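These notes are about the structure you will find just below.
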Amino acid sequence: MISIFEVTGPVMIGPSSSHTAGAARLARVAAALAPEPFSHVTFGLHGSFYDTYRGHGTDKALLAGVLGICEDDEAIRDAFVLAEEAGLTYDYQPITLEDVHENSVQISFQLQSGTTFDVIGSSIGGGQIEISQVGEFEASFSAVLPTLFVAHLDRRGMISEISSVISDSGVNIGVLRHSRRTRGGDASTVAETDGPLNPDVIEAISNLPDVYSVRSVNLSI
């Protein structure tokens, strides 16, 4: 089934649902996933994102997104000025990514600790997005539902403990995905939930043994 909103496109600042609205949404999710404040962002543009990023306003949309500006906000047009006011520097580079949609970007955040944090995602049409990598972990989520990303040690019982905290809060888990680099090493869990998680739930998961970091994405706010 296809939603009418996928046909008409989202409420947005144009000119393109894929190159403008989707780009802003994608960058807003990426910034929400960043584990700490950042001072510089490099946008690695793949495929048609690089070919047309100036003409379609993808450069402004991506920058606006990492500043937290929504895809229907006219402030997208002032992204360069707003970034300067915020003290955020940025650059755009061509990049070739493997096995991704033509409208894809690698967003690299220079964090205040001096480390770099990368998010790879795609704008797949109609303002919809797909996140395929968070940090060093593979991922697959659209952020349509409230989404929780947990980085943790891969150990027995961890996924059960995370899901139990969410379930005990009265919120249903729609989708749960787990990714790990090596058995017993670093891992991640993505939980897409039917409702938003309150700060107490997020704090409880943060306090679980062997949890490194927890990031919550809720595009409805």
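The values are calculated or read from the model by the stated rules, or taken from the named source; none is laboratory data. Model, not experiment: these values are computed from the prediction. Reconstructed Cβ throughout: ideal geometry from the backbone, glycine too, with neighbour counts over all protein chains shown.
Considering region 124-174, and only residues there that are of a type outside the set (Ser, Thr, Tyr) and touching a Lys or Arg at 6+ places or on another chain (Cβ under 7 Å), the residue that is nearest to residue 46 (Cα to Cα) turns out to be 129. Just so you know, in region 196-221 the residues that are small (Gly, Ala, Ser) and closer than 14 Å to residue 163 by Cα include one that is nearest to the chain's Cα centre (by Cα), and it is 206. Between 170, 174, which is within 15 Å of residue 218 (Cα to Cα) and free of Cβ contacts under 8 Å to residues at least 40 places away in the same chain? Only one candidate qualifies: 174.
Using the structure shown, decide if residue 59 is closer than 17 Å to residue 26 by Cα, in a strand (DSSP E or B), out of contact with any Cys (no Cβ under 8 Å at 6 or more places or on another chain) and acidic (Asp, Glu). Taking the combined requirement at face value, the residue does not satisfy it.
Within region 136-176, the set of residues being touching a Gly at 6+ places or on another chain (Cβ under 6 Å) and within 16 Å of residue 201 (Cα to Cα) comprises just one member, 171. In region 87-139, what residues are outside any loop (DSSP other than H, G, I, E, B) and without any contact (Cβ under 8 Å) to a residue 40 or more places away in the chain? Residues satisfying the conditions are 116, 118, 120, 130, 132, 133.
Before we move on, is residue 109 at pLDDT 90 or above, under 20 Å from the mean Cα position of the chain (by Cα), surrounded by 14 or more Cβ atoms within 10 Å (Cβ to Cβ) and within 21 Å of residue 132 (Cα to Cα)? In short, yes.
If you go through region 200-221 and pick out every residue that is hydrophobic (A, V, I, L, M, F, W, C), modelled with pLDDT of 95 or more and in a loop (DSSP other than H, G, I, E, B), you end up with 1.
Scanning for something surrounded by fewer than 18 Cβ atoms within 10 Å (Cβ to Cβ), over 30 Å from residue 67 (Cβ atoms) and of a type in the set (Val, Ile, Thr), does region 200-221 turn up at least one residue? Scanning region 200-221, I find no residue that is surrounded by fewer than 18 Cβ atoms within 10 Å (Cβ to Cβ), over 30 Å from residue 67 (Cβ atoms) and of a type in the set (Val, Ile, Thr), so the answer is no. The condition of being of a type outside the set (Lys, Arg), crowded, with 23+ Cβ neighbours inside 10 Å and either touching a Leu at 6+ places or on another chain (Cβ under 6 Å) or farther than 23 Å from residue 116 by Cβ (or both) holds for only one of 43, 49, that being 43. When each of 98, 74, 85 is tested for being closer than 20 Å to residue 37 by Cβ and exposed (fewer than 12 other Cβ atoms within 10 Å of the Cβ), the lone residue that passes is 85. From the list 31, 64, 27, the lone residue that is at pLDDT 95 or above, surrounded by fewer than 22 Cβ atoms within 10 Å (Cβ to Cβ) and of a type in the set (A, V, I, L, M, F, W, C) is 31.
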